[in-house]
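As structure tokens, the structure follows; a few thoughts come after it.
The values are calculated or read from the model by the stated rules, or taken from the named source; none is laboratory data. This structure is a prediction, so every number in the text was calculated from the model and none was measured. As a convention, Cβ positions derive from the backbone with ideal geometry for all residues, glycine included, and neighbour counts pool all protein chains shown.
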Amino acid sequence: MGILVCLLLCLAALIYPVYVIRPFRAQGPRELMAALIVTRFRLPFVAVCAFASVAALVLHWRRERRWLRRTGSLVGALGVAGVALLCRINIYELMFHPFERPSFSTAGQVKLDGDEKVIAVKEGKAARAYPIRVISYHHIINDDLAGVPIVATY
């Protein structure tokens with residue numbers, strides 16, 4: 001039972017921040033704060049859960065004589081360890097990479113919806129518009145505009 005509780009707590013620590021902070025979803029201030037707090041403290045939390053599940057595994061292994069139940073507790077403890085390892089991965093670093101070499105077209109060649117939002121940058125006579133739908137997957141556009149290095153982000 002203790003291993004199952006540890007597994008559920010670790011899964012919650014892994015899934016809740018991803019659910020709340022996912023792109024294209026509005027977050028309320030309370031749920032965002034809760035997700036950021038979970039993200040901040042989840043590594044020590046899941047480490048404690050992993051150690052607790054190993055301790056529960058050892059106790060269960062000594063008391064239980066049936067191999068199927070022993071195997072179930074071993075699988076559960078390995079699941080807790082696996083989820084704890086997954087909590088170390090920052091999926092947002094995997095999802096969002098700078099867009100190093102953007103390509104551009106003239107305004108007449110671009111097919112944008114009339115309601116599409118862009119970030120517009122002007123330097124002298126040079127101007128660029130970066131569609132939000134493109135930036136949303138990268139969050140950072142490194143560019144050079146009229147000889148000036150710029151970064152467009154939101």
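When the residues of region 1-38 are filtered to those that are among the small types (G, A, S) and farther than 23 Å from R133 by Cβ, which remaining residue is farthest from the chain's Cα centre (by Cα)? Before the answer, list the steps.
Quick first cut of region 1-38, residues among the small types (G, A, S) only: 2, 12-13, 26, 28, 34-35.
From what's left, farther than 23 Å from R133 by Cβ: 2, 12-13, 28, 34-35.
Values: G2: 28, A12: 14, A13: 12, G28: 17, A34: 15, A35: 11 Å.
Filtering first and then ranking leaves G2.
From the list L14, L7, exactly one residue is part of a helix (DSSP H, G or I), in contact with a Gly (Cβ under 7 Å, 6 or more places away or on another chain), outside the structural domain of R133 (by TED's automatic domain parsing) and in contact (Cβ under 8 Å) with a residue 60 or more places away in the chain. Which is it?
On the way: L14 fails: in contact with a Gly (Cβ under 7 Å, 6 or more places away or on another chain).
Criteria check complete, one pass: L7.
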